[in-house]
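Structure, as structure tokens:
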Amino acid sequence: MARVVVDVMLKPEILDPQGQAVQRALPRLGFEGIADVRQGKRFELEVDGPVDEAALARIHEMAETFLANTVIEDFVVKVKS
Amino acid sequence: MTARIGVVTFPGTLDDQDALRAVRLAGAEPVSLWHRDKDLKQVDAVVLAGGFSYGDYLRAGAISRFSPVMETVIDQARSGMPVLGICNGFQILTEAHLLPGAMLRNNHLHFICRDQKLRVENAETAWTADYEQGQEISVPLKNMDGRYVADERVLDELEAEGRVAFRYLDLNPNGSLRDIAGITNAAGNVVGLMPHPEHAVEPLIGTGGTDGLGFFTSILKKLVAA
């Protein structure tokens, strides 16, 4: 069974208060030197059958219509071996 | 024959009973609609009520947008049927691309619940005709994902076309761009807003006023006149 990962991130120009809250907490916990944090979502898909071009195209379509809202988010599809 | 106004219940919808009640108090016939049914039971207009449909697990409104009832609602809305999306309903309308932009987590990350002052910026939509342009109203607001965002081009277009229907007054409760509380589509039949007019239709509850009733009397007048 093949695994495909879809990473979804807010577009750079969209304010990410969750990431900022994490970033502000870091120094309090003793983790210095992190200038910025942005929080995203990762989907791991177990795919039946081969991950050929057609399967990848379907996953791309799935990410674009459902997993990500492309008004506010970018996404990247990666095949894991 | 009075107008029939449908209110959709998704799993996780919380405010459907209040919306049905508001419809009835305005003098229309309330009709319950179920998310699994494509059939709209011949209603003249639809309200998408507040709550956390499908738990908002992916993004607020994202899963509901693909429910069978929404196939018909999207179709009918594009051919002119009036649709009002309140809170989670507004989120569903943006996810369905019936309204532009998107709704994100409040900028302060807290759930917020308060009486909210709004200015009616567009009193010509199907759901706002009983208000005056510039009128200030107070209705309850309660949400986690109420931050309206869109890119500059879309925001400028909304402003230029008078499609910002409501703006927050005194306090922007969630970081919405340009204090936008609600918008309409170009045709004026689809309206979405974060605050809850259906909770301000009787003096006994909500804000203690009836500022929200105008939404439901507006649509009734429009439908009876049509």
What are the pairs with Cβ atoms under 8 angstrom where one residue, in the stretch A:59-70, is facing chain B (nearest Cβ under 9 Å) and part of a helix (DSSP H, G or I) and the other, located anywhere, is open to solvent by less than 60 Å² (accessible area, probe 1.4 Å) and of a type outside the set (Asp, Glu)? Sequence gap at least six, or different chains. A:Phe66/B:Leu58; A:Phe66/B:Ala62; A:Leu67/A:Val6; A:Leu67/A:Val8; A:Leu67/A:Phe43; A:Leu67/A:Phe75; A:Leu67/B:Leu58
Return yes or no: is B:Ser32 among the small types (Gly, Ala, Ser), within 14 Å of another protein chain (Cβ to nearest Cβ), in contact with a helix residue (DSSP H, G or I) (Cβ under 7 Å, 6 or more places away or on another chain) and within 24 Å of B:Lys142 (Cα to Cα)? no
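Going by what's in this entry, would A:Leu15 be described as away from every other protein chain (no Cβ under 14 Å), under 30 Å from B:Asn107 (Cα atoms) and open to solvent by less than 80 Å² (accessible area, probe 1.4 Å)? Show your work before the answer.
Details: away from every other protein chain (no Cβ under 14 Å): no; under 30 Å from B:Asn107 (Cα atoms): yes; open to solvent by less than 80 Å² (accessible area, probe 1.4 Å): yes.
No: the conditions fail for A:Leu15.
Being in contact with a Pro (Cβ under 7 Å, 6 or more places away or on another chain) and either of a type in the set (S, T, N, Q) or over 24 Å from B:Arg24 (Cα atoms) (or both) is true for just one of B:Ala187, B:Ala150. Which residue is that? Spell out the reasoning first.
Details: B:Ala187 fails: in contact with a Pro (Cβ under 7 Å, 6 or more places away or on another chain).
Going through B:Ala187, B:Ala150 in turn, the sole match is B:Ala150.
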When you look at A:Arg24, is it farther than 25 Å from B:Ala60 by Cα and either open to solvent by 40 Å² or more (accessible area, probe 1.4 Å) or part of a helix (DSSP H, G or I) (or both), yes or no? yes
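Being in contact with a Phe, Trp or Tyr (Cβ under 8 Å, 6 or more places away or on another chain), open to solvent by less than 10 Å² (accessible area, probe 1.4 Å), more than 14 Å from every other protein chain (Cβ to nearest Cβ) and among the small types (Gly, Ala, Ser) narrows it down to one residue among B:Ala22, B:Ala62, B:Ala49, B:Ala77; which is it?
Values: B:Ala62 fails: more than 14 Å from every other protein chain (Cβ to nearest Cβ); B:Ala49 fails: in contact with a Phe, Trp or Tyr (Cβ under 8 Å, 6 or more places away or on another chain); B:Ala77 fails: in contact with a Phe, Trp or Tyr (Cβ under 8 Å, 6 or more places away or on another chain).
Matching residue, one of B:Ala22, B:Ala62, B:Ala49, B:Ala77: B:Ala22.
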Just the residues that are of a type outside the set (Val, Ile, Thr) and farther than 18 Å from B:Leu223 by Cβ, please, taken from the stretch B:1-31. B:Phe10, B:Pro11, B:Gly12, B:Leu14, B:Asp15, B:Asp16, B:Gln17, B:Asp18, B:Arg21
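Enumerate the strands (runs of 3 or more DSSP E) found wholly within the stretch B:141-191, keeping only those where 3 or more residues are open to solvent by less than 30 Å² (accessible area, probe 1.4 Å) and within 14 Å of chain A (Cβ to nearest Cβ). Can you show your working first?
Numbers: elements: B:147-149, B:164-168, B:180-184.
Per the criteria, B:147-149.
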For A:Leu56, all conditions in the list (1) open to solvent by 80 Å² or more (accessible area, probe 1.4 Å); (2) part of a helix (DSSP H, G or I) hold save one; what is the number of the exception? (1)
The correct count of residues that are of a type in the set (S, T, N, Q), crowded, with 24+ Cβ neighbours inside 10 Å and within 14 Å of another protein chain (Cβ to nearest Cβ) in the stretch B:80-129 is 2
Checked the stretch B:47-78 for anything part of a helix (DSSP H, G or I) and β-branched (Val, Ile, Thr); matches are B:Val69, B:Thr72, B:Val73, B:Ile74
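The values are calculated or read from the model by the stated rules, or taken from the named source; none is laboratory data. Small disclaimer: the values here were computed from a predicted structure and weren't measured. In this analysis, Cβ positions are derived from the backbone assuming ideal geometry, glycine residues included, and neighbour counts consider all displayed protein chains. Note: areas computed on protein heavy atoms with side chains; ligands, DNA, RNA excluded. Shrake-Rupley method; radii C 1.70, N 1.55, O 1.52, S 1.80 Å.
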